[in-house]
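Read the structure below first, then the notes.
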């Protein structure tokens, strides 16, 4: 399985949210019954700013190699590795500022 590229320039912010998958049964009287199902999954939003062109192209190439949200990958942040991730969108937008720095924001989630 491929791993998310290491970004050496600029700054990176990671926002992590947990989601407990579940099911909801709705009854005719309007009440609901909720059940947990499966393991708790993580969703991440990673924002890169002030990247150089090399790092921006590494992200673009990696994203294209995953075919957007099709192929899973691993992601290591600090000393923790998250497995079985996929991008939640089929598009990535890299923006360039007037000084030649690049920025992007990507969201990915665990599939198992």
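General remarks:
- Listed conditions (1) at pLDDT 90 or above; (2) assigned to a strand (DSSP E or B) are all met by residue 33, apart from (1).
- Taking the conditions (1) modelled with pLDDT of 85 or more; (2) within 13 Å of the chain's Cα centre (by Cα); (3) within 24 Å of residue 50 (Cα to Cα) in turn, residue 84 satisfies each one other than (3).
- Failed criterion for residue 66 (all others in (1) buried (at least 16 other Cβ atoms within 10 Å of the Cβ); (2) modelled with pLDDT of 85 or more hold): (2)
- Segment 85-96, subset exposed (fewer than 12 other Cβ atoms within 10 Å of the Cβ) and touching a strand residue (DSSP E or B) at 6+ places or on another chain (Cβ under 7 Å), residue farthest from residue 17 (Cα to Cα): 95
- Filter result for residue 106 (modelled with pLDDT of 90 or more, surrounded by 12 or more Cβ atoms within 10 Å (Cβ to Cβ) and on the phi > 0 side of the Ramachandran plot): no
- Qualifying residue in segment 32-47 (condition: without any contact (Cβ under 8 Å) to a residue 12 or more places away in the chain, over 17 Å from residue 15 (Cα atoms) and exposed (fewer than 14 other Cβ atoms within 10 Å of the Cβ)): yes
The values are calculated or read from the model by the stated rules, or taken from the named source; none is laboratory data. These numbers were taken from a predicted model, which means no experiment stands behind them. Cβ: placed from backbone, ideal geometry, glycine included. Neighbour counts: every protein chain shown.
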